[in-house]
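Undergrad: Just passing along the structure, written as structure tokens.
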Amino acid sequence: MQLASLDDLFSTQASRDEAQREKVQEIPLEELHPFAHHPFKVLDDDRMKDTADSIREYGVLVPAIARPRPDGGYELIAGHRRKRGCELAGLKTMPVIVRELDDDAAIIIMIDSNIQRENILPSERAFAYQMKLEALKHQGLRTDLTSTQVAQKLSAKRVGDEAGVSKDQVRRFIRLTTLIPALLDMVDNKKIAFNPAVELSYLTQEEQGNLVDTMESEQATPSLSQAQRLKKFSLEGKLTEESMLAI
């Protein structure tokens, strides 16, 4: 026979429900650590200045979300910009909702809380889609009886549906994650357009490095048709520095 605990005997259902409910806590900023491989940049730009001014005047209106870290403190899931705004505003703590979340669930919340923001860079969107797709695939492998290939297609469709784009566009953005940093920076800075960048992502890392050198020497970036020719030569194993320069 199992006896009820004293807490169960002398507490009401309302108090037990309240104990289970998420609470907003004021947590010191130094105990809040960034999410591992967070794909969104936190920049001290004009928008951050506006965020800091708003926090200074009104406080943090929407609590951040974090999860406990095994070695102490908390890992921020949503609220990296708010934390930086608090630092600039001179605050020592910020309101946070603490949740117990596994890695996949944390990644999905982190991406969804940022992906609809304005002015997201192509590189941020690319790595965000990739992280969410991998998290959904992990969840699908645990819960679906469908094949891995079907689960991947369903995951890509879900990422696209929830971001307002097609699954093919999701995959095209993810292609950008294979670009070397120098090329990816050019995409973010609008020196290379999105469609040519997708074609260039099929070049090897060495070929991409040679392309950067060629672009610098010629003071030019490839058009879509030129990028498609570079991709074709690369896939055929014919993309030398000479052929690259000729294109």
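The values are calculated or read from the model by the stated rules, or taken from the named source; none is laboratory data. Every value quoted in this text rests on a predicted model; they were computed, and no experiment measured them. Heads up, the Cβs are rebuilt from the backbone with ideal geometry, glycines too, and the neighbour counts pull from every protein chain shown. The area values use the complete protein model at the heavy-atom level, side chains included, leaving out ligands, DNA and RNA. Shrake-Rupley method; radii C 1.70, N 1.55, O 1.52, S 1.80 Å.
Undergrad: For the stretch 121-179, give me each residue that is modelled with pLDDT under 85 and either on the phi > 0 side of the Ramachandran plot or outside any helix (DSSP H, G or I) (or both).
TA: Scanning the stretch 121-179 gives Asp144, Leu145, Thr146, Ser147.
Undergrad: Just checking, which of Glu206, Glu216 is part of a helix (DSSP H, G or I) and under 14 Å from Pro181 (Cα atoms)?
TA: Details: Glu216 fails: under 14 Å from Pro181 (Cα atoms).
So the residue among Glu206, Glu216 that is part of a helix (DSSP H, G or I) and under 14 Å from Pro181 (Cα atoms) is Glu206.
Undergrad: Out of all the residues in the stretch 180-199, which are in a helix (DSSP H, G or I) and either closer than 17 Å to Ile120 by Cβ or under 22 Å from the mean Cα position of the chain (by Cα) (or both)?
TA: Going through the stretch 180-199, the residues in a helix (DSSP H, G or I) turn out to be 181-188, 194-199.
Matches in the stretch 180-199: Pro181, Ala182, Leu183, Leu184, Asp185, Met186, Val187, Asp188, Phe194, Asn195, Ala197, Val198.
Undergrad: Pick from Ile65, Ile108: which is in a helix (DSSP H, G or I), closer than 21 Å to Val42 by Cβ, modelled with pLDDT of 90 or more and in contact with a Lys or Arg (Cβ under 9 Å, 6 or more places away or on another chain)? Can you show your working first?
TA: Numbers: Ile65 fails: in a helix (DSSP H, G or I).
Unique residue meeting the criteria: Ile108.
Undergrad: If you check His37 against the conditions, is it loosely packed, with under 11 Cβ neighbours inside 10 Å, touching a residue at least 40 places away in the same chain (Cβ under 8 Å) and within 30 Å of Arg172 (Cα to Cα)? Write out each step before concluding.
TA: Details: loosely packed, with under 11 Cβ neighbours inside 10 Å: yes; touching a residue at least 40 places away in the same chain (Cβ under 8 Å): yes; within 30 Å of Arg172 (Cα to Cα): yes.
Yes.
Undergrad: Take the conditions closer than 23 Å to Met131 by Cα, open to solvent by 50 Å² or more (accessible area, probe 1.4 Å) and in a helix (DSSP H, G or I) and apply them to Arg56. Does it pass? Steps first, answer last, please.
TA: Working: closer than 23 Å to Met131 by Cα: no; open to solvent by 50 Å² or more (accessible area, probe 1.4 Å): yes; in a helix (DSSP H, G or I): yes.
Here the answer is no, as Arg56 does not meet what is asked.
Undergrad: Can you give me the number of residues within the stretch 88-103 that are in a helix (DSSP H, G or I) and surrounded by 17 or more Cβ atoms within 10 Å (Cβ to Cβ)? Can you show your working first?
TA: Of all residues in the stretch 88-103, those in a helix (DSSP H, G or I) come to 88-89, 103.
Subset that is surrounded by 17 or more Cβ atoms within 10 Å (Cβ to Cβ): 89.
Looking only at that region, the number is 1.
Undergrad: Search the stretch 185-227 for residues being of a type in the set (A, V, I, L, M, F, W, C) and in contact (Cβ under 8 Å) with a residue 40 or more places away in the chain, and hand back the single one that is most open to solvent (accessible area, probe 1.4 Å). If you could, list the steps in order and put the result at the bottom.
TA: Narrowing the stretch 185-227 to residues of a type in the set (A, V, I, L, M, F, W, C): 186-187, 192-194, 197-198, 200, 203, 211-212, 215, 220, 224, 227.
Imposing the further condition that a residue be in contact (Cβ under 8 Å) with a residue 40 or more places away in the chain reduces the set to 187, 194, 197.
Details: Val187: 8, Phe194: 48, Ala197: 2 Å².
My answer is Phe194.
Undergrad: While we're looking at this one, here's another question. Let me spell it out: the conditions are (1) touching a strand residue (DSSP E or B) at 6+ places or on another chain (Cβ under 9 Å); (2) within 26 Å of Val159 (Cβ to Cβ); (3) open to solvent by 80 Å² or more (accessible area, probe 1.4 Å); (4) at pLDDT below 95, and Val24 meets all of them except one. Which number is the exception?
TA: In the conditions (1) touching a strand residue (DSSP E or B) at 6+ places or on another chain (Cβ under 9 Å); (2) within 26 Å of Val159 (Cβ to Cβ); (3) open to solvent by 80 Å² or more (accessible area, probe 1.4 Å); (4) at pLDDT below 95, Val24 misses (2) alone.
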